[in-house]
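Have a look at the structure below, then the notes.
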Amino acid sequence: MKKKASNFTKAEIDVLVEEIEMRKDVLFGKLSLNLTSDMKKDAWLCVAEKVSEVSTGEVRSAKAVKKKWTDMASLLKKKEAARRREMNMTGGGECELVGVCEEVPYVEQRVVAMLAVESIDGVEGGIDVGVEMAEQKEIKVSYEIEPEQSQQVHSGKKRAAKDSMDEVVLIEKRRLEVEEERLSVEKRRLEVEEKRLKVEEERLAFEKSRYDVFGVGSVVFADE
């Protein structure tokens, strides 16, 4: 039969709270490009190692210390919420509820300090820092875009694509205008060349007619 693990000692709980307090941003932070699930697992392993160092022969696993923290956080969250409700009912005066209004031990104060205020007070939408919901069920990592943001990004991409296409069309239009102007200039040049050739033809025709009539270099004598 598997041996049942012993209860956590005060020394183990003190170290547990201290180590979690040092790594709370990693342990309870939202998954992102800079915070992966492997980083969280490594952090819990470190916590387990530190707790095991002060245990009385008990080797605490990452799963065991995580469960102990979850149980503590859940219990103290309810206890703190009850204490606050009692304080509000008494208008901030003396709390008389047995088991709730005694002086809160320092280690419990540290645990409560790490829990979200919304989680303790039960505000709708509050996040429970003490329990990693991401590991209780499969969810998408937090750096994935929310639906509203996705729609905005999609719209932005469509606008960017349209702007890019408009720019391409504008460039092509300008290229066609330049090409049209170049063809117009070439057309005028050909017209001028055509006129020049016509003038040259007329000059050659005139020269030929003179040659046919008088000849070239002929001498005419007076007594002939």
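Annotations for the structure displayed:
- Residue count, region 10-42 (criterion: in contact with a strand residue (DSSP E or B) (Cβ under 9 Å, 6 or more places away or on another chain) and loosely packed, with under 14 Cβ neighbours inside 10 Å): 1
Yes/no matrix, rows are residues, columns are (1) part of a helix (DSSP H, G or I); (2) modelled with pLDDT under 95; (3) within 32 Å of the chain's Cα centre (by Cα):
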site	(1), (2), (3)
Asn7	no, yes, no
Trp44	yes, no, yes
Val47	yes, no, yes
Val65	yes, no, no
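- Among the candidates Ser61, Ser52, the residue that is surrounded by fewer than 17 Cβ atoms within 10 Å (Cβ to Cβ), without any contact (Cβ under 8 Å) to a residue 24 or more places away in the chain, out of contact with any Pro (no Cβ under 7 Å at 6 or more places or on another chain) and of a type in the set (Gly, Ala, Ser) is uniquely Ser61.
- All of (1) among the aliphatic types (A, V, I, L, M); (2) at pLDDT below 90; (3) within 30 Å of Lys4 (Cβ to Cβ) hold for Ile127 with one exception: (3).
- Taking the listed residues Glu191, Glu180, Glu172, the one that is modelled with pLDDT of 70 or more, part of a helix (DSSP H, G or I), of a type outside the set (Ser, Thr, Tyr) and more than 49 Å from the chain's Cα centre (by Cα) is Glu191, with no other qualifying.
- Every residue from region 24-49 that is charged (D, E, K, R) and without any contact (Cβ under 8 Å) to a residue 60 or more places away in the chain: Asp25, Asp38, Lys41, Asp42, Glu49
The values are calculated or read from the model by the stated rules, or taken from the named source; none is laboratory data. Predicted model only: the values in this text are computed from it and were never measured. All Cβ positions, even for glycine, are placed from backbone atoms using ideal geometry, and neighbour counts span all protein chains on display.
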